[in-house]
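These notes concern the structure reproduced below.
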Amino acid sequence: MKKIILCANSSWYLFNFRKSSIKALINKGYEVYSVAPRDHATEKLKEISSKHISFQFNKSSINPLKEFYYITALFRIFKDINPDAVFNFTIKNNLYGSIVGFFLRLKVINNITGLGSMMLRPSLIKLVIVILYKIIKKIPHHTFCQNLDDLNYLVKKRLVIKSKVSLIPGSGLDTNFFSPNINNIDDNSFTFLFVGRIIKDKGFFELIEAFKKISVDCPNIKLMILGEIDSKNPSRVNASYIKELSLHPNINIYGHENDVRPFLSKASCFVLPSYREGLSRSILEAMSMELPIITTDVPGCRELVQDKKSGIICKPRSSESLKRAMLKMINLDDDARMRMGKVGRKIVQSGYDEKFVIDAMLKVI
């Protein structure tokens, strides 16, 4: 039986975004090993994997000794398993998994799920990452990117081999699981929903500023926020700010939720004013459940939404542009928003269903 490793910087990532891939590979006769640090999703990941192996890992660490330890830990794991192919996800895993794969002569497939917050601004860390990608660029058997901007950036900077990189529609979505249902929306109110990490790079401050301005004249609008503070992210938001925000009568903050469908079913519109994404899964989930979308004209978001057909695209980093988009959405009649939602679901079904991702993975093994 052929062995496949899926390696990421968290068990949560593999369980939430690669669950369908793991199950599909097992159904095809592969023995699938999930390799990721232990967290709240580890036990669930164990249930769907052939085998699971945990290792210590800090995705935000820049300590050279710790980084060397991570590489040696992956070396021991990969050597013991001796897989036929390794799928790496997220920046550090791509880099370290490639280095280990080179010494063990393994087939390595890297996945650029997004260039990350560190790549949005000039820094020493960004420089180091670019240098490391140049060093390992000949190692991967193949590299998947989730949007054309990231792919073009990597090719232009010579961080990947052009003939060994291709687009993949994100992590794929189970459109049957995320299917539209009868919602429980209060007819007297309009509810915006944000799902994502609570960080500056998601456009969080612009969202709050725009919402507060609109709520002065539209007291019946609400904002639901699903997400956790990422305290180790360079664009983190202070916990004291979130605590103060939770006192606003029209803002409800729920933290992380394993199943977002009940919240999507209660929302009138989904909003994500991000600065950049790999390919926003939260937008895909909302579209699959026939919600109209407001998002920004940035990589990983604009590819998904057809402006004025399945949602509204606004300028990034602009609370004023976002405010205008939110007001437009509020003023649309129910039928117009419903039509947007139906267009969005068709987009997901035709191009972002999980079957397309699974087929792409099978072709490179």
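Observations, loosely collected:
- Simple spin-label estimate for ASN238 and GLU257 in nanometres, 7 Å along Cα-Cβ: 2.9 nm
- Stretching ILE125 away from ILE229 to a fully extended chain increases their span by 35.3 nm, per 0.36 nm per residue minus the current alpha-carbon distance.
- Across LYS44/LYS137; LYS66/LYS243; LYS23/LYS59, pairs whose alpha-carbon gap is larger than 28 Å: LYS44/LYS137; LYS66/LYS243
- Using alpha-carbon coordinates, inclination of helix 204-217 to the longest axis of the chain, degrees: 10 degrees
- Helix-derived mean residue ellipticity, 222 nm - over the chain, DSSP H n ≥ 4, -39500 (n - 2.57), to 500: -12500 deg cm²/dmol
- If you bin all the Cα-Cα distances of the chain at 10 Å, starting from zero, the percentages per bin are 5, 24, 33, 24, 11, 3, 0.
- Percent of alpha-carbon pairs separated by more than 28 Å within region 3-167: 17 percent
- Column: log10 I(q)/I(0), Debye, Cα scatterers of region 221-326, q = 0.15 Å⁻¹: -0.69
- Flagged links, alpha-carbon separation over 26 Å, of LYS19/LYS79; LYS19/LYS315; LYS222/LYS308: LYS19/LYS315
- Extension gain, LYS266 to LYS212: 0.36 nm times the residue separation minus the Cα-Cα distance gives 17.4 nm.
- Among 96-104, 245-253, the order from most to least packed when residues are scored by Cβ within 10 Å on average: 96-104, 245-253
No value in this document is a laboratory result; all are computed from the given coordinates. Predicted model only: the values in this text are computed from it and were never measured. Cβ atoms come from the backbone with ideal geometry, glycine included; neighbour counts cover every protein chain shown.
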